[in-house]
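The values are calculated or read from the model by the stated rules, or taken from the named source; none is laboratory data. Given the structure is predicted, the values throughout are model-derived calculations rather than measurements. Don't worry about glycine lacking a Cβ; one is built from the backbone with ideal geometry, like all the others, and counts go over all protein chains shown.
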Amino acid sequence: MKSRNLLMLATVIAASALLTSCATNFSPELMRTEIARQSGEDPLSAFELNLGRFTTLLIKSALAGEDGELPFAGLESLQVAVYQVPNVEGPAIDVTQIAVTGWEQVIRAHNPERSGMVLIKPQADSVGDLVVVGAGPEKVIYARLRGSLSNELPAALAEVLQDGGPDEVQRVLTQLGE
């Protein structure tokens, strides 16, 4: 009986590991590849920023207010990328065409002017991983935030994306450190 329970536990752990490793690996490279796939051309220009755990900690410490409060609490790493794409009809790319596995969808939207999505991976009582991707006529914005993030952040970014598109998401993300 014990060996059967151990076998069952091992099977559950293995299945969990397989499902975790099957999740879409969002990155600036994936965004560049998707832009080239959908538009037939590489981005005209690209800005990519990747801050790991140590760099993020240094920046948070440097930006701490006089009261010692740290901006973007819980953030452990941040990737941001902005791509200029040749103008085409409608959004630069339809980000809803990106195959997504292993993520919970907060919003996924496409209309003639823009497309976007916000995805999360929850952890315990917070958001552990968040991706936001938006595309307008000439621009694609991508951001991935990791850490122990507020449960309110995904809905707030989804609202920004839905109301203001990728330009507004870019504005909000640039204000993280202000």
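Count, please, the residues in segment 105-126 that happen to be modelled with pLDDT of 90 or more and within 15 Å of ARG146 (Cβ to Cβ).
Summing the residues that are modelled with pLDDT of 90 or more and within 15 Å of ARG146 (Cβ to Cβ) in segment 105-126 gives 4.
Check segment 93-106 and report whether any residue there is buried (at least 22 other Cβ atoms within 10 Å of the Cβ) and touching a strand residue (DSSP E or B) at 6+ places or on another chain (Cβ under 7 Å).
Among the residues of segment 93-106, at least one is buried (at least 22 other Cβ atoms within 10 Å of the Cβ) and touching a strand residue (DSSP E or B) at 6+ places or on another chain (Cβ under 7 Å), which makes the answer yes.
Here are some conditions: (1) of a type in the set (Phe, Trp, Tyr); (2) at pLDDT below 90; (3) under 23 Å from ARG32 (Cα atoms). TYR83 meets all but one. Which one does it not meet?
(2)
THR101 - would you say it is in contact with a Lys or Arg (Cβ under 8 Å, 6 or more places away or on another chain) and among the polar types (S, T, N, Q)?
no
Pairs under 7 Å by beta carbon, first residue on the phi > 0 side of the Ramachandran plot in segment 159-176, partner of a type outside the set (A, V, I, L, M), six or more apart or different chains?
Qualifying pairs under 7 Å: GLY165/ARG114; GLY165/GLY134; GLY165/GLY136.
Sort out for me the strands (runs of 3 or more DSSP E) sitting completely within segment 90-178 that have 1 or more residues that are within 22 Å of LEU49 (Cα to Cα).
Those strands (runs of 3 or more DSSP E) span 115-123, 126-135, 139-149.
Return the residues of segment 27-54 that are assigned to a helix (DSSP H, G or I), among the acidic types (Asp, Glu) and surrounded by 13 or more Cβ atoms within 10 Å (Cβ to Cβ); say none if nothing qualifies.
GLU34
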